[in-house]
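Chemist: Pasting in a structure now, in structure tokens, and then I'll have a few things to ask.
Only the coordinates and a few stated rules stand behind these numbers; no lab work does. The structure presented is a predicted model; accordingly, all values stated were derived computationally and were not measured. Please note: Cβ atoms are built from the backbone with ideal geometry, for glycine as well, and neighbour counts cover all protein chains shown.
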Amino acid sequence: MSDSSSTQSLALFGGVPVRSADRQWPTWPIFDDTERTALLEVLESGKWFYGERVAQFEREYAEFQGATHCVTCNSGTAAAEVVLQALGIGPGDEVIVPPYTFVATASSVLRVGAKPVFADVDDTWCLDPEKVAEAITPRTKAIMPVHFGGRICDMDRMNDIAAEHGIPIVEDACHAWGGRWVGKGAGTLGLCGIFSFQVSKNITAGEGGAIVTDNAELADMCRSITNCGRAVGAPWYHHVNVGTNARLTEFQGALLSCQIRRMGEQTLTRERNAAILNNALEKIAGLIPQRKSNRITRRAYHLYCLRIDADEFGCSREQFVAAANAEGWPVGAGYPLPLYAQPVFTNHPGRHGGGPCPMVENLCYRSAMWFGHEKLLATEEDMRDIIRIAEKIKSNVDTLRGWQG
Ligand SMILES: *Cc1c(COP(=O)(O)O)cnc(C)c1O
């Protein structure tokens, strides 16, 4: 232990915290006069409705992810529902999803009348390709991996399995803006990918979503569904598909075009700061960062994810989280339940399959910890604080024994 702070008593028990109360973490969202000006321009133009600003952002976002097409919509949830509908997935069909994700990954499957089938994740915190292979049935119509926290899952193995069975992959890339797998953008690795621009996300207009794909026919169908079932190029009052209104406004399009300009640099800052944490925290016995892959050539970070092995570290996750927060490191315990244990699924037992999944149960009930991407925009010195806090808890771990809050 290099720092004297690690020999002092834990802040949880009245010791001096590693970070004094005046040390702030970056807040989110980030904006400046660029957004202010762009929003006023839309306001004063009187053109508030789905037009040139949205179209411009769609071109920018397709290019940013390296896709041929981008169709925006009003949320990541809508993007998932629209894609599944566009693929013709419905009653009698199954879609394989992870149980460690935001509810929309699986609820979108229910919303089109199909059945989510939960397969376990591995130490990447993403779907385990071998568990996906085991879950495939003749009714499987899509695989929806989530690149959890921005960590792209093993898309080589996933694509092999999907190709063997002729099943499309819909990437839930709602944490992976800017992420790249062997140089290719998240969302372009399977048939298509979905993204969210909700306020907590790394690029945001408060709400918003997008679908990217290289498949023109799928893009046209998604466009039609998000725009009241109109066919591309058809007259305004001509409706050919069962659509909805999931359009963005010009205000959102303008905001997103401002936000995307900060993405390149912010992604590099997060990646650099996370690498500092990974390299130091993995050396502390009992702390396990998300598994790395050298095929991830640009790592997006929506969440910084870390597991604790309570036996090896010497205290429970709950004790660690309480101690860390008292020292000034705001880290949380993540999802309290596997998705399949949420009432929306347990109240309708016939409507989902798969599970229980041991790794997900371990993450939810014992080991997972994470904090949000905006803290990875802080300084290197702030990262050193996190490392000092982890080392301080480790060297004082005996004092946590028996503590229950
Ligand atoms: C945020 C998120 C969504 C849905 O996005 P909304 O825009 O909030 O509807 C879907 N999947 C994952 C993994 C997400 O984090």
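Chemist: Tell me the Kirkwood radius of region 171-289: reciprocal of the mean inverse pair distance over distinct alpha-carbon atoms, in Å.
Modeler: About 16.7 Å for region 171-289.
Chemist: Fewest to most neighbouring Cβ within 10 Å: what's the order for THR101, THR297, THR188, THR27?
Modeler: So the residues, fewest neighbours to most, are THR27, THR297, THR188, THR101.
Chemist: Using helices alone, what [θ] at 222 nm do you get for the chain, with -39,500 (n - 2.57) per DSSP H run of 4 or more residues, divided over all residues and rounded to the nearest 500? Don't jump to the answer; show the numbers that get you there.
Modeler: Numbers: 13 runs with 147 residues, N = 405.
Only helices count here, giving -11000 deg cm²/dmol.
Chemist: Per residue and in Å³, how big is the convex hull formed by the alpha-carbon atoms of region 63-117? List each step's numbers first, then the result.
Modeler: Details: hull volume 5.4 nm³, N = 55.
About 98 Å³ per residue, rounded to a whole number.
Chemist: Using Cα centres only, tell me the gap between region 141-175 and region 109-134 in whole Å.
Modeler: 9 Å
Chemist: Once each part is reduced to its C-alpha centroid, what is the distance from region 197-227 to region 64-95 in angstrom?
Modeler: Here the two parts' Cα centres lie 8 Å apart.
Chemist: Would you mind estimating how fast the chain diffuses translationally, via Stokes-Einstein at 4 °C and 1.567 mPa s with the Kirkwood radius over Cα pairs, in µm²/s?
Modeler: On the way: Rh = 22.2 Å.
Result for D is 58 µm²/s.
Chemist: Now for a different question. Please order ASP33, ASP382, ASP120, ASP22 by the number of other Cβ within 10 Å, starting at the fewest.
Modeler: Working: ASP33 8, ASP382 20, ASP120 24, ASP22 5.
Fewest-to-most Cβ neighbours within 10 Å comes out as ASP22, ASP33, ASP382, ASP120.
Chemist: At a Förster radius of 22 Å, what calculated FRET efficiency corresponds to the Cβ-Cβ distance of ARG23 and ARG401, to the nearest 0.05? All intermediate terms of the calculation are to be shown ahead of the outcome.
Modeler: Details: r = 29 Å, r/R0 = 1.31.
Approximately 0.15, to the nearest 0.05.
Chemist: Send over the semi-axes of region 33-258's equivalent ellipsoid, whole angstrom and largest first, taken as the square roots of 5 times the C-alpha gyration tensor eigenvalues. Provide the component values of the computation, followed by the final result.
Modeler: Numbers: eigenvalues 177, 80, 40 Å².
Semi-axes (√(5λ), whole Å): 30, 20, 14.
Chemist: With respect to the cross-link table entries LYS115/LYS283; LYS131/LYS184; LYS184/LYS392, which display a Cα-Cα separation exceeding 30 Å?
Modeler: Details: LYS115/LYS283 42 Å; LYS131/LYS184 25 Å; LYS184/LYS392 40 Å.
The answer is LYS115/LYS283; LYS184/LYS392.
Chemist: Still on this structure, please answer the following. Once you order the gyration tensor axes a ≥ b ≥ c over the Cα atoms, which shape class does region 1-148 get: rounded for a/c under 1.5, otherwise prolate or oblate by comparing a/b with b/c?
Modeler: Details: a/c = 2.88, a/b = 1.18, b/c = 2.45.
Oblate.
Chemist: Given C-alpha coordinates of region 229-348, what is the ratio Rg to Rh with the Kirkwood estimate of Rh? Before the final figure, lay out each step's value.
Modeler: Details: Rg = 22.2 Å, Rh = 19.3 Å.
A ratio of 1.15.
Chemist: Cβ neighbours within 10 Å, averaged per peptide: list 11-20, 199-208, 241-250, 172-181 in order, most packed at the top.
Modeler: On the way: 11-20: 16.1, 199-208: 20.4, 241-250: 18.2, 172-181: 27.4.
Going by the mean number of other Cβ atoms within 10 Å, highest first, we get 172-181, 199-208, 241-250, 11-20.
Chemist: Follow-up question, since we're still on this one. Among VAL331, VAL170, what is the fewest-to-most ranking by other Cβ atoms within 10 Å? Write down the numbers at each step before the final one.
Modeler: Details: VAL331 19, VAL170 28.
So the ranking, lowest neighbour count to highest, is VAL331, VAL170.
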